[in-house]
1. For the stretch 7-28, which residues satisfy the criterion of being exposed (fewer than 14 other Cβ atoms within 10 Å of the Cβ) and at pLDDT 90 or above?
2. Select from the stretch 56-71 the residues that are over 27 Å from Ile32 (Cα atoms) and modelled with pLDDT of 75 or more and write down the one among them that is surrounded by the fewest Cβ atoms within 10 Å (Cβ to Cβ).
3. In this structure, is His39 at pLDDT below 80, farther than 15 Å from Phe114 by Cβ, surrounded by 11 or more Cβ atoms within 10 Å (Cβ to Cβ) and not acidic (Asp, Glu)?
4. Just to be sure I understand the filter: pairs with C-beta atoms under 6 Å, separated by 6 or more residues or on different chains, first member in the stretch 61-80 and assigned by TED's automatic domain parsing to the domain that holds Leu92 and free of Cβ contacts under 8 Å to residues at least 60 places away in the same chain, second member outside any loop (DSSP other than H, G, I, E, B) and not polar (S, T, N, Q). Which pairs pass?
5. I'm checking my understanding of the structure. Among residues of the stretch 45-60 that are touching a residue at least 40 places away in the same chain (Cβ under 8 Å) and part of a helix (DSSP H, G or I), which one is nearest to Lys90 (Cα to Cα)?
6. State which residue is modelled with the highest pLDDT when the search covers only the stretch 95-121 and only residues that are surrounded by 14 or more Cβ atoms within 10 Å (Cβ to Cβ) and of a type in the set (S, T, N, Q).
7. If you take the residues in the stretch 1-18 that are touching an Asp or Glu at 6+ places or on another chain (Cβ under 8 Å) and not in a strand (DSSP E or B), which one is farthest from Tyr105 (Cα to Cα)?
8. Checking the condition under 14 Å from the mean Cα position of the chain (by Cα) and not assigned by TED's automatic domain parsing to the domain that holds Ser104, which residue from Asp35, Asp15 passes?
Amino acid sequence: MLHHDQQGELIFDLDTTLQFPCSAKEYVEKAIRPDCECHNNRRLFRVVDAKLYIEKFASDRSHMISPETFAHPPPWPIIVTHNCQNNLSKWLEVAVDRCPHTDSYGCVFDLEQFEKLCSSC
């Protein structure tokens, strides 16, 4: 999550070992690592308003129930909306041309656009 306050841009990411929260600059440098040549694929980032995410994201965790699953589903309740039980596949569709924020799934940025977003907020 990207948050703007008087201290600057802060990132809240529970999936890293970085300080929580950490500066957007540190996050890009240490978690995203834009100058690392270890990434063979084009890197894309979905950015969505937190309120929209809470209103629209739904996952019944059906993707976690298979022989290839690496972890058991968490014990807390599934996340659903009033209209949907599972739309995870929609969140996984990525296309940079989905900007500006015009649909229910936020905006997809390439690495350069994401870096600009983190440094210009």
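1. Thr17, Gln19
2. Only one residue fits best here, namely Ser62.
3. It is false that His39 is at pLDDT below 80, farther than 15 Å from Phe114 by Cβ, surrounded by 11 or more Cβ atoms within 10 Å (Cβ to Cβ) and not acidic (Asp, Glu).
4. Pro73/Met64
5. Start the filter on the stretch 45-60 by keeping residues that are touching a residue at least 40 places away in the same chain (Cβ under 8 Å), which leaves 45-50, 52-53, 56.
From what is left, the residues that are part of a helix (DSSP H, G or I) are 50, 52-53, 56.
Values: Ala50: 17, Leu52: 14, Tyr53: 12, Lys56: 11 Å.
Per the criteria, the residue is Lys56.
6. Gln113
7. Leu18
8. The unique qualifying residue is Asp15.
The values are calculated or read from the model by the stated rules, or taken from the named source; none is laboratory data. The shown structure was predicted, so the numbers you read here are calculated from the model rather than taken from an experiment. Methodologically, a virtual Cβ is constructed for each residue, glycine included, from the backbone with ideal geometry; neighbour enumeration extends over all protein chains shown.
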